[in-house]
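**Student:** After the structure tokens below, expect a handful of questions from me.
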Amino acid sequence: MPMLQQIIDRRLSGKNKSIGNRERFLRRYRDQIRDAVRRAVSGRGIRNLEQGEDITLPRRDVSEPVFGHGQGGQREYVHPGNKEYVKGDRIERPQGGGGQGGGSNASDSGEGDDDFVFHLSKEEFMQVFFEDLALPHLIRTQLAEVPEWKSHRAGFTSDGTPNNLHVVRSMRGALARRIALGGEARRELRHLEQHLEHLLRHPHPTDVLVAREIRETETTIAELRARLKRIPYLDPIDLRYRNRVRVPVPSAKAVMFCLMDVSGSMDEARKDMSKRFFMLLYLFLTRHYEKIELVFIRHHTQAAEVSEDEFFHATETGGTVVSSALTLMQDIIRSRYPSGEWNIYGAQASDGDNWHHDSGRCRELLSDQILPLCRYYAYVQVAEAEQNLWEEYTQLIERHKNFAMRKVSDAADIYPVFRDLFKKEGAPT
């Protein structure tokens, strides 16, 4: 009878942990966890966003359905210490919730003893927060000169590393080899065993010829059994390893242009909201897209391409000419990011204040030069008042489906506006 072997891989599970149960819990209570994550995000700073979190789920949301069996029949109970009631008395309900249960003491913290507290790791927290966001209209572009490579399974090979060993395929090959090598010997062995049994039943067992034939048959049987035992259970030629090959795939190359107004009309509060928006955008892009380039442009009367550190920390200021940033973006696209090979995106943050005669030029630059090259362009105004730039940009919404604009008047508006701008296509807001 062949031996049944079972291999259990426990390498991913640490001590006292159950990854399978944890993933199953995250899938089952996905909506409740997503709502809890969004509540947690609203209470932390943008710089502290990429951290784990202890989230609280109401007990009613994680309760399990149960079936209860009624006791049935008529039962009478005798309660010790009862001196006030007899059978048939009606007991009035306590007034004003005066019961002595554990839920009588209310809490203003939103958390009680009945709530279920679950810790999300840093990776799980960010995965839940960004799971329904994506760059709109991202498509695969033509094969670049240096193509990206993707690993694909390509059957099995007879050599490889131990971590690629396919146990089932190896054992299957070993079984087939043993059957092939020992098949003829087993058939001969069964024939000889039947012949020996027939000889032992011979009516003249003392016959010299019969006795000699019995000895020869027994010797042959012993040799065949020894030959079968010498067939190895597992041979190096039986081992099979998963084989993977690298194949070129079209590269989904994407570039995001981040344009921020740092003019004198942008006070510290507006600059801080702009930086918060771009920091959230930066975190989202670098976590979800392995191959993406970021171009940072700061502008007042003049625009300049700056590093990530300068973009978020420099204190330069001046007048306002928004078209300088759009012109620089157009020049960079023309020189470094041809639209036939790149998915181009833009995000612009400003308070809407601009030199009056420049706002119309900004609209024309976007409409005629930039938007036809972009997959998506988002404008965020970090002020409530609608100034001339907002009025000019409003004219682009009907003509260009890849253009979106929103207002952020308070730091609390950054998260919902960001999610609205970059939600997956077809996903609810």
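**Student:** So which trypsin sites (Lys or Arg not before Pro) in segment 234-325 are both in a DSSP loop and have at most 16 other Cβ atoms within 10 Å of their Cβ?
**Tutor:** K291
**Student:** Something else: Roll a 1.4 Å probe over the protein heavy atoms and report the accessible area of R24 in Å², nearest 10.
**Tutor:** Answer for R24: close to 120 Å² accessible.
**Student:** Another question, then. Taking 1 over the mean of 1/r across every pair of different Cα atoms in segment 365-414, what Kirkwood radius in Å do you get? Walk me through the intermediate numbers first.
**Tutor:** Numbers: mean 1/r = 0.0857 Å⁻¹.
One decimal place: 11.7 Å for the Kirkwood radius.
**Student:** Then there is this: Which links in K150/K253; K271/K407; K253/K275; K271/K401 stretch past 20 Å when you go from one Cα to the other?
**Tutor:** K253/K275; K271/K401
**Student:** Treating only the Cβ of Lys, Arg, Asp and Glu as charged (+1, +1, -1, -1), what charge dipole size does segment 185-289 show about its Cα centre? Round to the nearest 20 debye.
**Tutor:** Computed about the Cα centre, the dipole is about 460 debye.
**Student:** Also, quick follow-up: List the residues, sorted by chain then number, that are 5 or more residues from R244 or on another chain and whose placed amide H is less than 5 Å from its amide H.
**Tutor:** HN-HN under 5 Å from R244: A154.
The values are calculated or read from the model by the stated rules, or taken from the named source; none is laboratory data. All of these numbers come straight from a predicted model, not from anything done at the bench. All Cβ positions, glycine included, derive from the backbone under ideal geometry; neighbour counts span all protein chains shown. Calculation scope for accessible area: heavy atoms of the full protein, side chains included, ligands and nucleic acids excluded. Shrake-Rupley method; radii C 1.70, N 1.55, O 1.52, S 1.80 Å.
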